[in-house]
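What follows is a single structure, written as structure tokens, with notes after it.
Every read-out reported here was derived from the displayed coordinates using simple, explicitly stated rules and does not represent laboratory data. Just so it is clear, the model here is predicted, and its values are computed rather than measured. As a convention, Cβ positions derive from the backbone with ideal geometry for all residues, glycine included, and neighbour counts pool all protein chains shown.
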Amino acid sequence: MRKLSVDDREDMVIALQNEISRSPESRYDHRLHGVLMVAIGMSCYDVSRILGHSPSRVEYFPKQFNDRGFVSPVDRQRAGRPSRISQDIMDRIDKDLRKDPHYFGYRQNTWDGILLMQHLFDHYGIDMGVGQCQNIFHTMGFRLRRPRPMIARGDQDLKDNFKKLLDPISPVSGDVHMIPDNAKYHHANLLKEFLDANPHIILEFPPPYSPELNTMERVRKILRSRHR
């Protein structure tokens, strides 16, 4: 059987690891895979290289599995202060979240932490932060998932043209070339006015769905691994 490979291997490793960390369900399966690989005889060092964890963390997976069984890979509920919301209110919130946000007059199609924060204040007089509202989703068993990166939809022709665009740029040309991401605030009218007044500052936007072209993604990966 011939050896297979994945295009943009280094970038895809980062993307896959981000995908794994997006939800409790994927983290649960990820830890079970670590236990399975140790069970079939692989060393913690080999498993850590595959999963992207430190050997000491991989060693923790089978130890916990031996003590607690299949419950061990599940994310534990973190201890904290008692809830400020009574059980009766929680039951009412649970019913609210099972309805479409349009039912309450909201324009959004789905619930998120910000919308729930506003809903609690408007309907129950409860002032909570976004993080606390996200914990409510977790407590009630709703899947609050971060957006999946859309790397697979990136246009390869646009990526190639973007790389060619950067090649002739000279560091001594007098112009300042900046490469931001495609966040909405980088396209704001206020920024456009500033750029019109400063034509020597040139923004080179990468193609959509192409995070692998942003070297900061790799830098963040290195920083996270060294400063946990």
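At-a-glance table
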| item | result |
| --- | --- |
| Rounded to the nearest 20 debye, dipole of region 87-139 from Cβ charges on Lys, Arg, Asp, Glu | 160 |
| Signed unit charges on C-beta, dipole axis of region 87-139, positive-most listed residue Q118, G129, Q87 | Q118 |
| Estimated vicinal HN-Hα couplings, Hz - region 90-97 in sequence order (Karplus 6.51, -1.76, 1.60; Gly, Pro = x) | 4, 5, 5, 5, 4, 5, 4, 5 |
| Extended-chain gain in nm, criterion 0.36 nm per residue less alpha-carbon gap, D94 and N18 | 24.4 nm |
| Kirkwood hydrodynamic radius (C-alpha pairs) into Stokes-Einstein, region 188-228, 25 °C and 0.890 mPa s, D in µm²/s | 190 |
| Distant-in-sequence amide H partners of I202 (H built 1.01 Å from N, under 5 Å) | V176, H177, M178 |
| Separation between Cα centres of region 118-144 and region 182-208, rounded to whole Å | 35 |
